[in-house]
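Structure, as structure tokens:
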Amino acid sequence: MTGIQEIRSIVQLMSDNDPVVWEAVSGKILSMSQEEIGLMRIIINSEFSPAELKILNKILEEGDAGQTEKDLNKYLKEEDPPLSEGVFLVTKLADNSCEKTVFYENLSHLSSEISEEMSDNMTDVERVELFNHILFKRVGFKYSPAGSKPELENTLVNRVFELRRANYISIALVYLMIAREVGLQVYPLWVQKGFFPVYLGPGNKMLFYLNMAYNFEILTREAVASFIKEIENTYGRDAIVVEKDSLLLTIYVQILTDIFSRSGDHKKASVMQRILDEMGGRKIFGDY
């Protein structure tokens, strides 16, 4: 346990401009327990100025962000990690106020509401129709107005959980995360500069497609046959690929990078760009 006098000394060194001192002070603070941090806050509030509290918050936030980035890089090296974990880590890196317990409580609540009404006797089509009805009609998820630029409020998944409004990519992320929880085999089908969700049956056979532009309504193979054939004739069959969940995660990071760059938050944009580079770079994608 760090003593009161030692905590006072650490606080006094917070404003030292020497990089070596700053690194040592930051390292010491980040190694302290929550109880010790709480005591430090009490001492600062009673004996020091708001400037020291601001410095402490900055150290803690940067330390938290550094750990989140390490966790995300570790996640990206796994073979087929859970989509929800990746979405949480990216969201946390972009918004330090994102709390893990709240994030997963929201996901669990939505998943439970849907799974409670599903039965093994339902066909795949019936399960998707029920899923869509609950998510879009009962719960009330909506798309952002057409033509609106992606902003943090309609992109960050923790805020989307609360506001129930998002751009296409963040709606798709929420959709696929819940689909994983309730056992729906929905995956992104990459089709030359874009994608749409596809439902896979036994042997990874594509059973039907989902219209991401309109509440994920079911589209038959016949409904999109001419579009698929045109892509195959122009770019070859290899241009159509069922991707892993990481495709959506890459586009999510790409959008956040663009938002931070556009808003002038170059520090956050740089962090997101590092993650994007780890993921293999940008996907060429149209309107969000």
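See the values below:
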{"read-out": "Filter pass, Tyr187 being touching an Asp or Glu at 6+ places or on another chain (Cβ under 8 Å), closer than 24 Å to Asp120 by Cα and at pLDDT 90 or above", "value": "yes"}
{"read-out": "Candidates Phe208, Phe195 - the one that is in contact (Cβ under 8 Å) with a residue 24 or more places away in the chain, within 19 Å of His133 (Cα to Cα) and aromatic (Phe, Trp, Tyr)", "value": "Phe208"}
{"read-out": "Unique match (being closer than 27 Å to Lys267 by Cβ, assigned by TED's automatic domain parsing to the domain that holds Glu181 and assigned to a loop (DSSP other than H, G, I, E, B)) among Ser97, Ser15", "value": "Ser97"}
{"read-out": "Criterion (within 23 Å of Val271 (Cα to Cα) and either without any contact (Cβ under 8 Å) to a residue 40 or more places away in the chain or surrounded by 14 or more Cβ atoms within 10 Å (Cβ to Cβ) (or both)) met by exactly one of Ser26, Ser33", "value": "Ser26"}
{"read-out": "The lone exception for Asn121 - which of (1) at pLDDT below 95; (2) within 28 Å of Ser97 (Cβ to Cβ) it fails", "value": "(2)"}
{"read-out": "Residue count for the range 25-80, restricted to those that are assigned to a helix (DSSP H, G or I) and of a type in the set (Ser, Thr, Tyr)", "value": "4"}
{"read-out": "Tally, over the range 56-72, of residues that are under 14 Å from the mean Cα position of the chain (by Cα) and in contact (Cβ under 8 Å) with a residue 24 or more places away in the chain", "value": "3"}
{"read-out": "Hits in the range 135-166 (condition: crowded, with 20+ Cβ neighbours inside 10 Å and in a strand (DSSP E or B))", "value": "Ala166"}
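Residue-by-condition table, conditions (1) among the hydrophobic types (A, V, I, L, M, F, W, C); (2) surrounded by fewer than 15 Cβ atoms within 10 Å (Cβ to Cβ):
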site: Pro82; (1), (2): no, yes
site: Glu85; (1), (2): no, no
site: Lys100; (1), (2): no, yes
site: Phe103; (1), (2): yes, no
site: Ile114; (1), (2): yes, no
site: Asn121; (1), (2): no, yes
site: His133; (1), (2): no, yes
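The values are calculated or read from the model by the stated rules, or taken from the named source; none is laboratory data. The structure displayed is predicted, hence computed values, not measured ones. With ideal geometry, Cβ positions are generated from the backbone for all residues, glycine too; neighbour counts draw on all protein chains shown.
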